[in-house]
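What follows is one structure encoded as structure tokens, with my remarks underneath.
The values are calculated or read from the model by the stated rules, or taken from the named source; none is laboratory data. Computed from a predicted model, the values in this text were never measured in an experiment. When we count neighbours, we look across all protein chains shown, and the Cβ atoms used for this are built from the backbone with ideal geometry, even at glycine. These accessible areas exclude ligands, DNA and RNA; they are computed on the full protein's heavy atoms, side chains included. Shrake-Rupley method; radii C 1.70, N 1.55, O 1.52, S 1.80 Å.
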Amino acid sequence: MAGKTLDSITSQDIAALGIPSEEAEKLHQTLLQIITSCGAATPQTWSRISKELLNPDLPYSLHQMMYYGCYSHFGPDPPAWLPDPSVAYALDTLGLEKGSAIAIDMPMNASSVVIYLAIVLAGYIVVSIADSFASREISTRLKISNAKAIFTQDFIIRGDKSLPLYSRVVDAQSPTAIVIPAGGSSFSMKLRDGDMSWHDFLQRAINSRDDEFAAIEQPIEAFMNILFSSGTTGEPKAIPWTNATPLKAAADAWCHMDIRKGDIVAWPTNLGWMMGPWLVYASLLNGATIALYNGAPLGSGFAKFVQDAKVTMLGVIPSIVRTWKSTNCTAGLDWSSIRCFASTGEASSVDEYLWLMGRAQYKPIIEYCGGTEIGGGFVTGSLLQAQSLASFSTPAMGCSLFIIGDDGNLLPQDASGMGELALGPLMFGASTTLLNADHYDVYFKGMPIWNGKVLRRHGDVFERTSRGYYRAHGRADDTMNIGGIKVSSVEIERICNTVHSSVLETAAIGMPPPAGGPERLMIVVVFKDSNNSIPDLNELRIAFNSEVQKKLNPLFRVSHTVPVPSLPRTATNKVMRRVLRQQLAQLSSTSKF
């Protein structure tokens with residue numbers, strides 16, 4: 001759209017759009033102040049105009065005049081949104097050395113994304129912490145990463161519950177020097193010395209900002225984000241992402257999900273899990289827009305958001321899809337803008353995903369499996385291949401897959417079979433070090449050698465079918481995947497063993513439903529006295545559920561409680577959970593639960 005440059009626009013031009021002359025004059029004065037500060041045709045000029053001059057009540061014709069006036073000679077791809085540089089300015093006023101770690105414990109919203117990008121832009125390292133963790137888990141992650149500050153907020157509203165994020169960070173007694181509640185509504189609670197409100201934080205930036213902010217240049221191998229495993233075998237592994245990892249995320253999205261300029265990408269997640277940072281880079285580096293929903297993605301509100309935002313790529317986890325299908329919350333909505341679905345986090349169900357495809361005139365679902373230490377996926381689907389439900393059609397770009405047979409030898413790469421998955425050791429963007437463990441011992445020690453190179457351990461059991469597709473069959477060890485989150489049996493058992501005085505010991509087992517799909521958490525119980533004081537099993541299940549959600553993760557849910565006389569054990573007294581899984585599978589096949 002052709003039009004005047006910003007510096008040639010007059011108050012009369014603005015009034016001609018139907019704006020009263022007095023208001024038009026005020027708007028013009030604001031425009032002149034912005035031009036004086038930023039120039040007449042820079043991205044920073046438009047960024048300030050969009051925040052300080054325009055609002056939804058003004059005629060859209062004024063919005064167009066300002067936007068096209070600013071970018072009339074800019075050339076292709078003028079940026080409509082920039083990360084708020086004031087956040088980066090303020091970070092520099094905290095007295096932290098470049099490369100210091102700064103944590104984020106917030107829901108996935110626009111503020112948290114701006115903060116995330118600003119930390120990276122200013123040359124610090126993001127420490128990603130999920131907003132569902134209890135104080136102990138927050139404290140552990142802050143201590144491992146040596147975080148010097150943390151962004152959180154007063155409360156997060158999830159459903160009808162108000163969860164105090166700030167108080168959980170304080171309770172963690174972390175080594176952080178500063179707690180900055182970001183975006184909270186009231187900030188009414190008492191602060192510790194050194195804490196500050198979001199308003200005071202930005203005011204500090206305004207009072208100390210330079211004329212120009214320059215992003216920090218760093219080498220490709222420099223750390224930019226620290227994420228954590230779920231702590232499946234004790235202390236969570238601290239996994240650094242380098243400046244190469246965002247490129248891995250963006251490449252996967254471009255190659256396998258066809259995310260490109262003009263797309264609108266929605267994927268319910270959190271910056272504390274790898275898919276949060278992945279979403280930021282997979283979208284923005286490919287020129288796409290992120291669609292962020294404020295609330296739980298389980299009902300008709302989110303489904304309507306997908307419709308109204310005209311989402312083109314919708315990421316899911318199977319448990320969300322199961323809820324949508326059971327409540328039929330998408331009924332009457334138009335999802336025709338979707339070109340592609342993507343799914344990760346846990347095993348999917350053929351029937352549920354056939355239903356999902358039908359909500360968008362049978363658009364494809366790209367299954368995507370990887371890990372925090374990979375920075376993306378190692379096996380996935382492709383829009384250039386036929387896609388089979390609940391299956392992967394190809395290794396991810398730049399990745400090689402191997403299956404270890406029961407004899408410990410590698411199966412031929414084009415042969416069908418099942419066994420523990422191994423990965424080729426050279427993957428762009430994948431981890432090369434851990435902050436609190438030996439990277440070689442964790443991922444390479446004891447692994448087979450192929451073409452002179454030690455293969456990389458992942459730990460999942462995979463099947464390669466006769467048609468060349470891959471299917472996931474869970475963890476090779478006793479780790480479970482509950483609601484898309486990996487957790488060890490021991491962590492859950494430690495909690496359940498103390499729930500009731502009648503409980504002698506428990507075993508936590510992850511079991512897929514008979515028809516396939518995400519694992520259900522089952523607690524096998526041995527009582528102290530099988531004849532007296534045994535509680536009602538359903539009441540015990542509810543008690544297990546309450547304690548696990550309170551002490552470990554509010555997203556976990558105990559599906560069944562199964563009593564047994566004793567737990568099967570090895571000669572060295574280790575519980576044989578695989579035997580229990582087989583026994584529970586037999587019970588499940590006879591419809592006893």
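Things to note:
- Positions within the stretch 279-318 being closer than 16 Å to A110 by Cβ, among the hydroxyl-bearing types (S, T, Y) and either surrounded by fewer than 23 Cβ atoms within 10 Å (Cβ to Cβ) or in contact (Cβ under 8 Å) with a residue 60 or more places away in the chain (or both), in sequence order: T289, Y293
- Residues (open to solvent by less than 10 Å² (accessible area, probe 1.4 Å) and within 23 Å of K237 (Cβ to Cβ)) located in the stretch 113-130: Y116, I119, Y124, V126, V127, S128, I129, A130
- S50 meets each of the listed conditions (1) modelled with pLDDT of 85 or more; (2) on the phi > 0 side of the Ramachandran plot apart from (2).
- Among residues of the stretch 245-276 being open to solvent by 40 Å² or more (accessible area, probe 1.4 Å) and of a type in the set (F, W, Y), the one that is farthest from N294 (Cα to Cα) is W254.
- Across the stretch 330-357, the number of residues qualifying as open to solvent by 40 Å² or more (accessible area, probe 1.4 Å), more than 19 Å from N481 (Cβ to Cβ) and either without any contact (Cβ under 8 Å) to a residue 24 or more places away in the chain or not charged (D, E, K, R) (or both) comes to 5.
- Scanning the stretch 304-315 for residues that are within 25 Å of E519 (Cα to Cα) and out of contact with any helix residue (DSSP H, G or I) (no Cβ under 7 Å at 6 or more places or on another chain) yields one hit, G315.
- In the stretch 421-432, the residues that are open to solvent by 50 Å² or more (accessible area, probe 1.4 Å) and either polar (S, T, N, Q) or under 23 Å from the mean Cα position of the chain (by Cα) (or both): F428, T432
- Test: residue in the stretch 459-475 that is out of contact with any Gly (no Cβ under 7 Å at 6 or more places or on another chain), open to solvent by less than 60 Å² (accessible area, probe 1.4 Å), among the hydrophobic types (A, V, I, L, M, F, W, C) and closer than 27 Å to Q385 by Cα: yes
- Residue in the stretch 371-380 that is of a type in the set (F, W, Y) and surrounded by 17 or more Cβ atoms within 10 Å (Cβ to Cβ) present: yes
- Residues in the stretch 530-538 include none that are at pLDDT 90 or above, closer than 24 Å to S319 by Cβ and either buried (at least 16 other Cβ atoms within 10 Å of the Cβ) or touching a Cys at 6+ places or on another chain (Cβ under 6 Å) (or both).
- Any chance F392 is surrounded by 17 or more Cβ atoms within 10 Å (Cβ to Cβ), farther than 23 Å from A253 by Cβ and not β-branched (V, I, T): no
- Residue ranges of helices (runs of 4 or more DSSP H) in the stretch 1-97 with at least 3 members surrounded by fewer than 18 Cβ atoms within 10 Å (Cβ to Cβ): 11-15, 21-38, 43-52, 60-70
- Scanning the stretch 395-407 for residues being open to solvent by 40 Å² or more (accessible area, probe 1.4 Å), out of contact with any helix residue (DSSP H, G or I) (no Cβ under 9 Å at 6 or more places or on another chain) and among the small types (G, A, S) gives a total of 1.
- The number of residues in the stretch 351-391 that are closer than 30 Å to P240 by Cβ, outside any loop (DSSP other than H, G, I, E, B) and of a type outside the set (S, T, Y) comes to 9.
- The residues listed here are K237, K325, K304, K248; of these, the one that is of a type outside the set (F, W, Y), closer than 30 Å to S489 by Cα and at pLDDT 90 or above is K237.
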